[in-house]
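Read the structure below first, then the notes.
The values are calculated or read from the model by the stated rules, or taken from the named source; none is laboratory data. Source: prediction; values computed, not measured. No Cβ is skipped: glycine too gets one built from the backbone with ideal geometry, and neighbour counts run over all protein chains shown.
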Amino acid sequence: MTRIQVKPNPPHRFSVAPMMEWTDRHCRFFHRLLTRRALLYTEMVTTGAVLHGKRKDLIGFDPFEHPLALQLGGSDPGALAACAQIGAETGYDEINLNVGCPSDRVQEGRFGACLMAEPALVGECVAAMKAAVKVPVTVKCRIGIDEQDPEEALAIFADSVARAGADQLIVHARKAWLKGLSPRENRDVPPLDYGRVYRLKAAYPDLPVVINGGIASLEAAASHLDHVDGVMMGRAAYQEPWRLLEVDPLLFGEPAPFASPADAAVALIPHIERELAHGVRLAAITRHILGLFRGVPGARAFRRHLATHAVKPGAGAEVLVAALALVGGRMHEPDIAAA
Ligand SMILES: Cc1cc2nc3c(=O)[nH]c(=O)nc-3n(C[C@H](O)[C@H](O)[C@H](O)COP(=O)(O)O)c2cc1C
């Protein structure tokens, strides 16, 4: 008799957001040491770069990083389908389309957040990607752009991508203003509207909806899960990665991979040694762990030691060992009292 195994907690229940310059392969390797279950995303890679760039450098990854999603930027259905196929063949577990980035460079290429105004085209893109791969195809969007009414604009957008077969919608719960705000301001200035995302989920019970934007703790993440299928955390996960150590116990009911952030940092050493042997500089890896002890005694000394010494030519894992010796005292209080 065949037994169907239903996984009660799919990977999208908690994910770390795609972040340019931040979520590179070293960052993801480190995040994976902190949580076995979170879904990790690459930085956005444009279709042009995937098709014509140094592919191994751009989309290569370590199998340890699974489950892992590739985020693509583009608006040409054929190019997106080709890149989705390349991503799936490379081994990614999900292909995601960026409809949230507001930068000028991206607007000139007619992709990112400006596609919120072109739901039919995004539908064509999703349909083409779906036809090219078996892995889930997902879309990350905003609740609207510029003068759009999020109530109407997000409904039309979601309808188009759902009909095209999107497997999931990740919604950054604020508008993007394409003129007048920098990408950075566009992550803080437009007000958050979580209610709009909850209403979207209520309207699409069968479409997994993941909420993103301003989620600063796992306690907040857990409360969103009463309304939506998943939570995506960006800056809080990157700037204070110790939070990720609580993801598996608190959101997946599984033990944390390590007892403490320091243990996870020690476990990074074999990766560091492998990468240094291939010519990678220590700082390229340790820059992602500077916030690991934020808020506990010694955190500043840890950060300063790494920032000063990891950039020096020939710096090796001993710099991390010395930095770890500077951290002492109590560790962080858990976000939620024992799960
Ligand atoms: C440094 C940085 C780079 C980002 N790059 C991307 C990107 O490549 N693709 C994308 O969809 N969003 C990108 N974002 C937006 C995040 O994925 C996320 O939507 C946003 O930061 C809001 O979530 P948060 O408040 O949890 O950080 C970036 C954000 C930051 C801070």
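Structure above, values below:
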{"item": "Some residue of segment 77-100 being touching a residue at least 60 places away in the same chain (Cβ under 8 Å), over 19 Å from the mean Cα position of the chain (by Cα) and under 22 Å from residue 187 (Cβ atoms)", "result": "no"}
{"item": "Within segment 202-215, considering residues that are buried (at least 19 other Cβ atoms within 10 Å of the Cβ) and over 18 Å from residue 245 (Cα atoms), the one farthest from the ligand (Cβ to nearest atom)", "result": "208"}
{"item": "Scope segment 275-326; condition closer than 16 Å to residue 239 by Cβ and either more than 28 Å from the chain's Cα centre (by Cα) or among the hydroxyl-bearing types (Ser, Thr, Tyr) (or both); matching residues", "result": "286"}
{"item": "Residue 23 surrounded by fewer than 24 Cβ atoms within 10 Å (Cβ to Cβ), closer than 24 Å to residue 120 by Cβ, within 16 Å of the ligand (Cβ to nearest atom) and hydroxyl-bearing (Ser, Thr, Tyr)", "result": "no"}
{"item": "Test: residue in segment 137-160 that is of a type in the set (Ser, Thr, Tyr), surrounded by fewer than 19 Cβ atoms within 10 Å (Cβ to Cβ) and away from the ligand (no atom under 15 Å from the Cβ)", "result": "no"}
{"item": "Any pair with Cβ under 6 angstrom, 6 or more apart, that starts in segment 216-230 at a residue that is farther than 17 Å from residue 243 by Cα and ends at one that is of a type outside the set (Gly, Ala, Ser) and at pLDDT 95 or above", "result": "227/198; 228/201; 228/209; 228/211; 229/208; 229/209"}
{"item": "Considering residues of segment 231-255 that are in contact (Cβ under 8 Å) with a residue 60 or more places away in the chain and not in a helix (DSSP H, G or I) only, the residue nearest to the ligand (Cβ to nearest atom)", "result": "234"}
{"item": "Residue in segment 46-54 that is among the hydrophobic types (A, V, I, L, M, F, W, C), under 19 Å from residue 27 (Cβ atoms), surrounded by fewer than 16 Cβ atoms within 10 Å (Cβ to Cβ) and more than 14 Å from the ligand (Cβ to nearest atom) present", "result": "no"}
{"item": "Residue under evaluation residue 66, criteria (1) within 11 Å of the ligand (Cβ to nearest atom); (2) in contact (Cβ under 8 Å) with a residue 24 or more places away in the chain, criterion not met", "result": "(1)"}
